[in-house]
Amino acid sequence: MATARSESPFAMPLEEAMRTQRAIRRLKPDPVDDALVLECIELALKAPTGSNAQNWEFVVVKDRAVKARLARLNRTAWAAYGGIGRWLARRQGDDKTMRMIDAVQWQVDHFEDVPVVVVACLHTWVPPLPSIAASSLYGSIYPSVQNLLLAARAAGLGAALVTLPLWSRTLARWALGLPWTVTPVAVVPMGWPAGRYGPTTRKPVEEVVSLDRYGNRAFARRG
Ligand SMILES: Cc1cc2nc3c(=O)[nH]c(=O)nc-3n(C[C@H](O)[C@H](O)[C@H](O)COP(=O)(O)O)c2cc1C
């Protein structure tokens, strides 16, 4: 494991990593070192979990046959969801969304060629839950997934958070050999990017922040 900062593959300044981390779906088939993947996951494990339960499991999928099972699930969900998205984006002349849909389509078509697919799981069965329990459970895995994405970005790896292959938990459990006590929550295909990183476009902060009461856009009037 890297210790000295100068040797670390993660030396990128945090702000740069956060500002340029985006869904990179077009990936080269070139292999990624296991050691680097493990270091990314080790950084992911620095995330918080409810009651510090650390009730997580990560399945690193490299076997083409297992990737093919996840790819089939991804294709099934995308066949329904992607068609609607494409139709809507065309209708609205939304070029940006069309570009995203093309990238998703590329990943759907090349899923088996992605060198590493990390599946983040909760080490528990997730029953229908009251909202506080659901927040705590999912909130105990998604921070680690964001850490994983940022670690990948800092190391120059492309990655994206994907959930379509998990449309059926039962089938996803079969695909990965998971017991019913382990629940897959997020899939992160990773590899060396075929495209480039770039700043993400997001809503302006003033548009989504209220002061004291919801809807009081006081910060929008600053300056
Ligand atoms: C909960 C969640 C589920 C997602 N599921 C998928 C998915 O199944 N397939 C996919 O290609 N992208 C998926 N994404 C990625 C989003 O489309 C992406 O984060 C968003 O478009 C912003 O992209 P950008 O960071 O490149 O700007 C998902 C993101 C989140 C947060």
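What follows draws every value from the coordinates through simple rules; no lab data is involved. The structure displayed is predicted, hence computed values, not measured ones. Here Cβ is always computed from backbone atoms with ideal geometry, including for glycine, and neighbour counts include all displayed protein chains.
Summary of computed values
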read-out: Among (1) among the β-branched types (Val, Ile, Thr); (2) touching a Leu at 6+ places or on another chain (Cβ under 8 Å); (3) part of a loop (DSSP other than H, G, I, E, B), the one test that VAL185 misses; value: (3)
read-out: Residue satisfying all of: in the stretch 119-164; touching a Pro at 6+ places or on another chain (Cβ under 6 Å) and among the small types (Gly, Ala, Ser); farthest from the ligand (Cβ to nearest atom) among these; value: ALA155
read-out: Number of the condition not met by ARG173 [criteria: (1) surrounded by 15 or more Cβ atoms within 10 Å (Cβ to Cβ); (2) free of Cβ contacts under 8 Å to residues at least 12 places away in the same chain; (3) under 16 Å from ASN55 (Cβ atoms)]; value: (3)
read-out: Extreme residue, surrounded by the most Cβ atoms within 10 Å (Cβ to Cβ), among residues of the stretch 65-88 that are closer than 20 Å to LEU176 by Cα and of a type in the set (A, V, I, L, M, F, W, C); value: LEU70
read-out: Residue list for the stretch 86-102, restricted to those being farther than 20 Å from ARG22 by Cα and within 14 Å of the ligand (Cβ to nearest atom); value: ARG86, ALA89
read-out: Subset of the stretch 25-39 (residues that are within 16 Å of the ligand (Cβ to nearest atom) and either surrounded by fewer than 18 Cβ atoms within 10 Å (Cβ to Cβ) or under 10 Å from GLY198 (Cα atoms) (or both)); value: ARG26
